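Please read the structure below before turning to the comments.
Each reported figure results from applying straightforward, stated rules to the coordinates on display, with no laboratory input. Computed from a predicted model, the values in this text were never measured in an experiment. Note that we place each Cβ from the backbone using ideal geometry, even for glycine, and neighbour counts take in every protein chain shown.
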Amino acid sequence: FSVSTLNNIKKTYSTFVLLVTNYFSLSELKGNLLPDPPAELKILDPGYLGHLYINWTLPASLRNLNNCFVRFQLQYFDTSENRLKVVRTTEHSYSAYFNLEKDAHVRVETLISGPCVNGSDELRSMSSEAVLRAHSRGLHGSKIEDLTCVFYNGEYMDCIWTKKNTKPPHSHYHLHQGMEQAQECPQYIELHRERTGCRLYWPLLLEFTEFNICVNGSAMGLPLQAAYFILQVQNQVKPAPVKALNLEPTMDGQFLLEWAPPEGRVPGHCLEFEVESVAGDTEGPKVLPTFPHTVFRFSPVKSTVCLRVRGRVHHFCADRSFWSEWSQALCTPHGAGLPNLCWGLEDVYPPSLCLSIHIL
């Protein structure tokens, strides 16, 4: 054969091999055989206190397929929501928050649909799995017991940790926090010259964003076990107490209790309130159900009554919140009246305890 003829044969053979390989791949998918799982699955820790990156690639056997829709299903345990989470994506990467005190375990599967699988079924591969082992360095039993963070009136957040009674002597603690970059606490809280917490101010705190905290330290030149926490700032708010409280009689013989939402960075429309009533001839304080109004009207009976108010962020603005401290109490004149504490529960309580209450 001539050189040109040999070259043509090689080109034809290469094209034939490529077509046959692609044909077999398509035939295998149409035969409902499983596609290959994702390749090169990795979990990367960039040092963001639990914000990890997950990467993978398309398996080589699927790179030359046509008329196919390929996506991936990722499974992992979401430590912030305390549940197994499933994500479907066409991307080859994902980022999520993990508690670094526990192993980070992820699974990724390949999902294929479209004409290459007869357009009716979606084929799913076996799982690729990856594990990032927990950070377990440090003296045994030296990890802090708990961490409580309170965001006071949306202005600053105090995070106080609880130490175990078995902590090593001369322990020195550090707090690191951040979302995209780990930073050490800007202002430590101390008790008897020992660090017990950290104060963070609102410009560093973004609401509706995962906020990571790590508390570690050292004792006698050896590292303490690190403790990791994930929280959302809007769920830690404790509003300021209600101060502008006013109690006046009305022209129709009732009493009107009014107050203004506390000043600060917590929006007034995000607050709900509770009114507590204490009368001299009752067994103890009575608390009304929560409501969003700042006006409370009640009818009098033959007893002096004192009332006070507190507030918190309601469920439309946060998943949970701390109650504010109670306001100062205001009292009706002697014999002026006691508000009804049943508020629609007259069928439950005796009529003698239920008068008429109106909320404006």
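Loop-only GluC sites (Glu not before Pro) in the range 70-141, please: DSSP not H, G, I, E or B, and at most 13 other Cβ atoms within 10 Å.
Filter output for the range 70-141: GLU81, GLU91, GLU122.
Applying 1/(1 + (r/R0)^6) with R0 = 45 Å to the Cβ-Cβ distance of CYS331 and HIS92, what FRET efficiency is obtained, to the nearest 0.05? List each step's numbers first, then the result.
Details: r = 68 Å, r/R0 = 1.50.
Between CYS331 and HIS92 the formula returns 0.10.
Pulled fully out, how much extra length does the chain show between GLN232 and MET251, if you take 0.36 nm times their separation in residues and subtract their Cα-Cα distance?
Contour length minus Cα-Cα distance gives 2.1 nm.
Please compute the length gained on full extension between ARG71 and ASP146, using 0.36 nm multiplied by the number of residues separating them and subtracting their Cα-Cα distance.
Answer, rounded to one decimal: 23.0 nm.
Translational diffusion coefficient, Stokes-Einstein: compute it for the range 168-301 using the Kirkwood radius over C-alpha pairs as Rh, at 4 °C and 1.567 mPa s, and state it as an integer in µm² s⁻¹.
In µm²/s, the coefficient is 67.
What percentages, rounded to whole numbers, describe P(r) for the range 77-218 computed over all alpha carbon pairs with 10 Å bin width beginning at zero?
9, 30, 27, 17, 9, 6, 1, 0
First measure r as the distance between the Cβ atoms of ARG133 and HIS315, then evaluate 1/(1 + (r/R0)^6) with R0 = 45 Å and state the FRET efficiency to the nearest 0.05. All intermediate terms of the calculation are to be shown ahead of the outcome.
Details: r = 38 Å, r/R0 = 0.84.
E between ARG133 and HIS315, to the nearest 0.05, is 0.75.
Given LYS42/LYS163; LYS85/LYS286; LYS42/LYS143; LYS143/LYS238; LYS164/LYS243, which pairs have Cα atoms separated by over 31 Å?
Check vs 31 Å cut-off fails for LYS42/LYS163; LYS85/LYS286; LYS164/LYS243.
Assuming R0 = 41 Å, can you tell me the calculated FRET efficiency for the pair ARG199 and GLU81, based on Cβ-Cβ distance, to the nearest 0.05?
0.90
Starting from the Cα-Cα distance between THR162 and ILE189, subtract it from 0.36 nm times their residue separation and give me the gain in nm to one decimal.
8.4 nm
Taking the Cα-to-Cβ direction at PHE291 and at ASP45 and moving 7 Å from each Cα, how far apart do the two end points lie in nm?
Reported label-point gap for PHE291 and ASP45 is 5.3 nm.
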